[in-house]
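What follows is a single structure, written as structure tokens, with notes after it.
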Ligand code: SF4
Ligand code: SF4
């Protein structure tokens with residue numbers, strides 16, 4: 001049987017060999033920890049600590065400010081040094097709590113829960129909400145909201161997004177290889193919320209070792225299957241993943257729940273496991289530190305709030321001068337110019353490249369080759385949308401389904417004229433979304 005996939009997509013050099021074979025390593029931050037109050041989609045959290053206050057690892061330092069919001073926890077023990085704006089990876093200054101690390105890692109006592117099979121659905125959702133878990137694949141949508149659809153009985157698939165299709169990223173790969181039990185148990189906890197759902201572990205077929213391991217672990221689990229997906233970017237984008245795993249289609253006006261699906265990435269499912277079985281709030285994540293400018297690329301278990309510069313130091317520093325540093329993957333990440341940026345709940349990678357592939361070429365005129373259309377998983381015409389965006393023609397942009405773009409970057413990657421297609425479309429989408437919010 002052929003592997004499940006979607007139409008369009010690309011096969012970039014995946015760069016995963018740099019870090020994929022090294023085990024994850026836990027690191028202990030030395031400097032101050034910075035916790036932006038907005039590291040999730042929704043209302044920023046509100047501080048519940050004051051300057052000068054001593055805090056413990058695992059202590060709540062900011063409370064959720066509404067249903068679509070998430071609390072934040074200290075990941076070290078120390079003293080609150082400041083509550084002030086600090087720069088985050090996307091370039092904005094965000095109000096943040098700064099903690100001076102005392103190096104003692106004195107932990108708060110965690111609330112132990114009953115075995116998860118004895119917990120009610122509401123109890124599980126409350127634990128996840130209280131633990132501050134958000135989508136750790138990059139979106140940062142509060143997980144308890146995702147797990148509270150209007151009609152839970154209509155959810156037929158709970159998909160663990162194990163595709164990890166972005167080039168260079170290997171954190172989900174290492175997690176699956178080293179801690180597959182946590183992933184499977186986390187999925188079983190989420191399945192307990194949806195009586196009519198099957199669980200799918202959706203893995204790209206370039207991770208055969210993970211597929212075999214997960215198949216073995218779940219052979220007696222009647223509600224869980226492992227689905228091998230074709231290796232192709234952006235296989236892990238929500239719409240493409242749902243289509244490849246279930247054959248169901250969603251568009252920009254729909255939520256996965258409208259197609260009977262709930263999707264969570266690997267790190268998020270594992271965070272659910274830690275919260276429900278150990279009572280631990282979200283304080284850590286796995287970050288891939290990689291790229292040909294880094295001396296010893298690998299995956300680190302990182303405390304949220306750690307400075308990016310410390311990750312580079314742990315990876316042996318730079319062996320060559322980086323021309324481009326990206327927070328996240330090369331396709332969907334953000335270029336950064338300062339390494340003093342905190343790791344947040346949604347930071348997946350720090351990629352340091354010796355060549356800036358984008359800046360290397362000057363864009364030229366479109367030669368109408370049609371390649372951008374061929375690869376576009378959103379089934380739109382990127383060249384046309386980019387033109388409308390550049391001319392600020394919002395009506396035509398919308399009429400030509402500009403909002404169906406998932407900002408995957410395939411069109412810019414393939415364009416022989418090196419036109420900044422994704423960049424233009426992204427800016428227009430941002431404007432439309434901002435005006436809709438108003
Ligand atoms: S138009 Fe959007 S969805 Fe289509 S290839 Fe470009 S970035 Fe991806
Ligand atoms: S890939 Fe580039 S050159 Fe080819 S049609 Fe699209 S915009 Fe034009």
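The values are calculated or read from the model by the stated rules, or taken from the named source; none is laboratory data. All of these numbers come straight from a predicted model, not from anything done at the bench. Don't worry about glycine lacking a Cβ; one is built from the backbone with ideal geometry, like all the others, and counts go over all protein chains shown.
The condition (being more than 10 Å from ligand 1 (Cβ to nearest atom) and part of a strand (DSSP E or B)) is satisfied by just one residue among 350, 339, 311: 350. For the stretch 379-388, the criterion of being at pLDDT 95 or above and under 21 Å from residue 255 (Cα atoms) is met by at least one residue. Of the helices (runs of 4 or more DSSP H) lying entirely inside the stretch 353-438, those containing at least 3 residues that are at negative phi and within 12 Å of ligand 2 (Cβ to nearest atom) are 371-375, 382-390, 410-414, 421-437. Look at residue 195 and say whether it is without any contact (Cβ under 8 Å) to a residue 24 or more places away in the chain, farther than 11 Å from residue 268 by Cβ and more than 18 Å from the chain's Cα centre (by Cα). Criteria not met by residue 195. Considering the stretch 353-408, the residues that are touching a helix residue (DSSP H, G or I) at 6+ places or on another chain (Cβ under 6 Å) and closer than 30 Å to residue 338 by Cβ include one that is nearest to ligand 1 (Cβ to nearest atom), namely 405. Taking first residues from the stretch 314-338 that are free of Cβ contacts under 8 Å to residues at least 24 places away in the same chain and partners that are assigned to a loop (DSSP other than H, G, I, E, B), the Cβ contacts under 6 Å between residues at least 6 apart in sequence or on separate chains come to 316/295; 316/296; 317/295. The single residue among 239, 175 that is in a helix (DSSP H, G or I) and at pLDDT below 95 turns out to be 239. Among the residues of the stretch 95-143 satisfying the criterion of being out of contact with any strand residue (DSSP E or B) (no Cβ under 9 Å at 6 or more places or on another chain), free of Cβ contacts under 8 Å to residues at least 60 places away in the same chain and not in a loop (DSSP other than H, G, I, E, B), which is nearest to residue 280 (Cα to Cα)? Taking the candidates together, the pick is 126.
For the structure I just gave you, tell me whether residue 421 is within 11 Å of ligand 1 (Cβ to nearest atom), farther than 17 Å from residue 9 by Cα and either assigned by TED's automatic domain parsing to the domain that holds residue 243 or in contact with a helix residue (DSSP H, G or I) (Cβ under 9 Å, 6 or more places away or on another chain) (or both).
Taking the combined requirement at face value, the residue does not satisfy it.
The residues listed here are 104, 56, 119, 33; of these, the one that is buried (at least 20 other Cβ atoms within 10 Å of the Cβ) and modelled with pLDDT of 95 or more is 33.
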